[in-house]
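Participant: Okay, handing you the structure first.
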Amino acid sequence: MARRANMIISSTRQVSLLLPNGVAKQTFAALEAPWVLRPAFYPWREYYEIILTNWVTALHWVYKLKLNPQHRIPGDRQLVRHMKPMGVWLTATLNLCESVHTWSDFLGVDTINYPNAFQWFQLVGQEFKTEELRLRHKTQGVESLRKDLSILKDQRNPYPIRGRCHSRALVEAALKLAMSGTAPKFERDRWLGKRNAPPGQEGFIHAYAAMLASSKKAGSGSVFIQDGQLLIRKGRGRDVLHIPPFLSKKNTRTLKTIRRNSSGA
């Protein structure tokens, strides 16, 4: 029997296509890189396509909030609105990278792996993207966010060295700076955040809490894997629609409808 090759899952809405050559373009291109699915995961390819669409939509928010306020994010308006909290948190993460990188000499932080803030953000973003792919059930993702936020609010670092080393390095340096008393504006604006902050200037903890609150909302179109099956929530209740691994024409139409109205996984 012929051996099946890996499948490439990619998006046609890359932010990197909007940018000239430079560090920012390289960062977005890396974060938007296609996912390679092994044959064993072929049956759930539709799920990964939706997750990637959500992820790229969140990156469009980073581009809009950080680089181009006039940018109109492509895609379904409901999906764009739903992914804003993640985009705001990613933007807050990029801002945190910038601040910590600026203070790196004072903090005694070794930035040899992070020549600039965008590359640090790229590595942190790739870790978060991998985590999104690993937690293939909405409740798992929400619980993971909740635990991490609780630890962060307690001024501790929730990220392990293995698998989240770049996130750990960022939070470790940020906590050191926030607790030093040397940069009160950093602690107030970049780390904790405040209500009614200007767009793109939300604090890391405040944006994280908002993303968690958004993730808890079980809206129509939530996609998850349970007991080896791809399931899509039909409404705000518990009803779900089972999508067979290889879709019939009827279910293909259903999936397209879900994608247009998706609230994310």
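Participant: Out of Arg13, Arg3, report the one residue that is more than 23 Å from Val124 (Cβ to Cβ) and either modelled with pLDDT under 90 or not in a helix (DSSP H, G or I) (or both).
Facilitator: Arg3
Participant: Taking the stated definitions as given, is Ile232 β-branched (Val, Ile, Thr) and modelled with pLDDT of 90 or more?
Facilitator: Criteria not met by Ile232.
Participant: For Thr53, only one of the following conditions fails: (1) more than 13 Å from the chain's Cα centre (by Cα); (2) buried (at least 19 other Cβ atoms within 10 Å of the Cβ). What is its number?
Facilitator: Here Thr53 clears every test but (1).
Participant: Moving on. Return the residue satisfying two criteria in turn: it lies in region 200-219 and is at pLDDT below 90 and part of a loop (DSSP other than H, G, I, E, B), and of such residues it is nearest to Trp89 (Cα to Cα).
Facilitator: Top of the filtered list is Lys217.
Participant: Here's a follow-up. Starting from region 87-106, take each residue that is touching a residue at least 40 places away in the same chain (Cβ under 8 Å) and list its partners that are of a type in the set (D, E, K, R), counting only C-beta distances under 6 angstrom and pairs at least six apart or across chains.
Facilitator: So the pair list comes out as Val88/Glu202; Thr91/Lys66; Ala92/Glu202; Asn95/Arg190; Leu96/Arg190; Ser99/Arg190.
Participant: Moving on to the next point. Identify, please: which residue in region 90-139 is buried (at least 17 other Cβ atoms within 10 Å of the Cβ) and among the basic types (Lys, Arg) and is, among those, nearest to Thr53 (Cα to Cα)?
Facilitator: Lys129
Participant: With the checklist (1) surrounded by 14 or more Cβ atoms within 10 Å (Cβ to Cβ); (2) more than 21 Å from the chain's Cα centre (by Cα); (3) hydrophobic (A, V, I, L, M, F, W, C); (4) over 19 Å from Phe121 (Cα atoms) in hand, flag the one item Ala210 doesn't pass.
Facilitator: Going through the list (1) surrounded by 14 or more Cβ atoms within 10 Å (Cβ to Cβ); (2) more than 21 Å from the chain's Cα centre (by Cα); (3) hydrophobic (A, V, I, L, M, F, W, C); (4) over 19 Å from Phe121 (Cα atoms), Ala210 breaks only (2).
Participant: Let me ask another. Condition first: farther than 23 Å from Gly125 by Cα and part of a loop (DSSP other than H, G, I, E, B). Now tell me which residues in region 170-193 satisfy that.
Facilitator: Gly181, Thr182, Ala183, listed by residue number.
Participant: Quick check on this structure: which one of Leu52, Leu37, Leu59 is under 24 Å from Pro198 (Cβ atoms), in contact (Cβ under 8 Å) with a residue 24 or more places away in the chain and aliphatic (A, V, I, L, M)?
Facilitator: Selected residue: Leu59, the only one of Leu52, Leu37, Leu59 that is under 24 Å from Pro198 (Cβ atoms), in contact (Cβ under 8 Å) with a residue 24 or more places away in the chain and aliphatic (A, V, I, L, M).
The values are calculated or read from the model by the stated rules, or taken from the named source; none is laboratory data. Source: prediction; values computed, not measured. So basically every Cβ, Gly included, is an ideal-geometry build from the backbone, and we count neighbours across all protein chains shown.
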